[in-house]
Amino acid sequence: MDYDFIIVGGGIAGVSVAARLSALGSVLLLEAEDALAHHASGRSAALFEPRYGLAPVVELSLASEAFFHGAEGVLAPRGMMIVGGADDADTLAADAKGMMLHPVSVAEAVTMVPVLNPAVLAFAAHADHAWDIDTDLLLQGFAREARGRGAVVMTGARVAAIARDGDGWRVSTARGAFAGRMVVNAAGAWADGVADMAGVRPVGLRPLRRSMARIPAPGGHDVSRWPMIFGAGETWYAKPDAGALIVSPAEEHLMTAHDAWADDMVLAEGLARYEAMVTEPVARLLASWAGLRTFAPDRVLVIGRDPVEPRFFWLAGQGGYGFQTSPAASALAADLIGGRDTGLSRGLVAALDPGRFA
């Protein structure tokens with residue numbers, strides 16, 4: 001065999017698991033684009049909020065917390081706030097309870113974010129336990145670790161075919177064919193397609209588009225210390241970014257796997273929901289883009305050996321949690337492949353296992 005592990009996909013899932021698996025054997029990482037993290041990983045709002053998501057996602061995020069706080073420079077304080085109008089009391093209360101935010105007064109909320117409109121804002125909740133993730137630093141740290149142990153990272157290597165080859169696989173790409181003992185499917189929105197190429201049953205992943213716009217700092221304010229702001233029920237969000245503000249309609253539109261772009265009408269509707277809560281209208285956009293957040297049917301990550309093809313390993317369905325779960329998710333994948341104790345609860349490992357879709 002050319003390699004012990006062939007990883008398909010060069011986003012945060014693929015790069016982080018390459019770092020972990022490079023301690024267990026030879027690794028080839030294949031990325032279709034000309035650079036790593038071209039698709040969803042490169043378009044993420046990148047917040048570490050470990051209490052965001054369903055219970056298994058939260059448990060995996062909390063298992064990543066020690067890594068993040070021990071990685072110099074990867075996290076920066078941000079905080080988060082949920083805001084709502086007079087009709088949003090129940091929705092906001094449920095959001096705040098789920099993410100352990102505490103209520104703040106309208107005056108306190110406006111002090112933190114001066115453009116919030118006190119004539120419209122009726123409820124708000126806030127917490128400090130949310131941090132910006134330096135996604136490039138995290139990604140490059142994992143890539144450096146992988147390469148330091150001899151892993152080969154190959155870009156411009158779109159996979160065209162996967163076939164069984166004795167006890168392993170032969171993976172054909174635009175840059176040649178390679179043999180490997182195990183295929184690790186970290187292909188994001190394309191993961192079901194990768195499985196189909198390998199003759200493995202897809203798990204029903206759903207790529208959902210999310211659009212974003214970067215706008216100038218509202219009213220010329222210094223936004224650097226503002227928290228990330230969610231509309232109640234996650235109907236929109238806004239996050240400071242390099243002196244500007246990213247605003248998203250937080251939509252989830254089912255798409256086929258492709259290089260996504262923002263939908264102008266959806267973006268306009270989301271910006272209108274944001275504008276309804278603030279005093280400063282959006283006069284212009286600096287940029288817009290979109291990414292595909294890919295979920296399993298139960299919205300929980302898929303991590304484990306395929307129940308029929310044990311040499312085909314799933315690391316997919318990260319949804320909007322790819323960066324914040326990557327330390328624990330990649331460690332779990334390596335532990336399962338290496339036959340080691342995961343240090344995680346049996347219930348969590350079972351909740352993530354692809355066998356749940358068999």
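Seen against the Cα atoms of the chain and their longest principal axis, helix 264-275 is set at about 40 degrees.
For the peptides 93-106, 293-306, residues were scored by their other Cβ atoms within 10 Å and the scores averaged per peptide; the highest-first order is 293-306, 93-106.
One Cα centroid belongs to segment 180-252, the other to segment 106-176; the line between them spans 9 Å. Ordering Val120, Ala232, Leu344 by Cα displacement along the dipole of the chain toward the positive end leaves Leu344 in first place; charges were set at the Cβ atoms of Lys, Arg (+1) and Asp, Glu (-1). Taken about its Cα centre, segment 154-202 carries a charge dipole of about 100 debye when Lys and Arg each add +1 at the Cβ and Asp and Glu each add -1 at the Cβ. From largest to smallest, the equivalent ellipsoid semi-axes obtained for segment 172-262 from the alpha-carbon gyration tensor read 38, 16, 11 Å. In this structure, Met255 and Asp341 have a Cβ-Cβ separation that, at R0 = 35 Å, corresponds to a calculated FRET efficiency of about 0.35. Dividing the summed helix terms, -39500 (n - 2.57) for each DSSP H run of n ≥ 4, by the number of residues in the chain produces a 222 nm estimate of -8500 deg cm²/dmol to the nearest 500. For the listed peptides 79-88, 188-197, 213-222, a ranking on the average number of other beta carbons within 10 Å per residue, highest first, reads 188-197, 79-88, 213-222.
Between Asp298 and Ala283, the modelled labels are 5.1 nm apart [label points 7 Å from Cα along Cα→Cβ]. Pairs of Cα atoms nearer than 8 Å and 6+ residues apart set the relative contact order; for segment 66-149 it is 42 percent. Label sites at Met265 and Ala23, each approximated as a point 7 angstrom past Cα along Cα to Cβ, lie 5.1 nm apart.
Approximating the spin labels as points 7 Å out from Cα along Cα→Cβ, the Ala86-to-Ala177 distance works out to 7.0 nm. Each of the peptides 110-119, 6-15, 308-317 was scored by the mean count of other Cβ atoms within 10 Å over its residues; in descending order, highest first, they stand as 6-15, 308-317, 110-119.
Applying 1/(1 + (r/R0)^6) with r as the Cβ-Cβ distance of Asp196 and Ala107 and R0 = 51 angstrom yields a FRET efficiency of 0.40. Compared with the dominant principal axis of the Cα atoms in the chain, helix 135-148 is inclined by about 20°. Shape of segment 293-358 from the C-alpha gyration tensor: oblate (a/c of 1.5 or more and a/b not above b/c, with a ≥ b ≥ c the square roots of its eigenvalues). Relative contact order, whole percent, for segment 48-191 stands at 21, derived from Cα pairs under 8 Å and 6 or more residues apart. For the chain, the relative contact order comes to 23 percent (Cα pairs under 8 Å, sequence separation of at least 6). Against the chain, whose longest principal axis is taken from its Cα atoms, helix 89-98 shows a tilt of about 40°.
Using all pairs of distinct alpha-carbon atoms, the Kirkwood hydrodynamic radius of segment 223-328 works out to 16.2 angstrom.
Computed from Cα atoms alone, the Kirkwood hydrodynamic radius reported for segment 41-155 is 16.4 Å.
Computed from the coordinates by the stated procedures, all read-outs in this text should not be read as laboratory data. In this text, all values refer to a predicted model and were calculated from it rather than measured experimentally. Please note: Cβ atoms are built from the backbone with ideal geometry, for glycine as well, and neighbour counts cover all protein chains shown.
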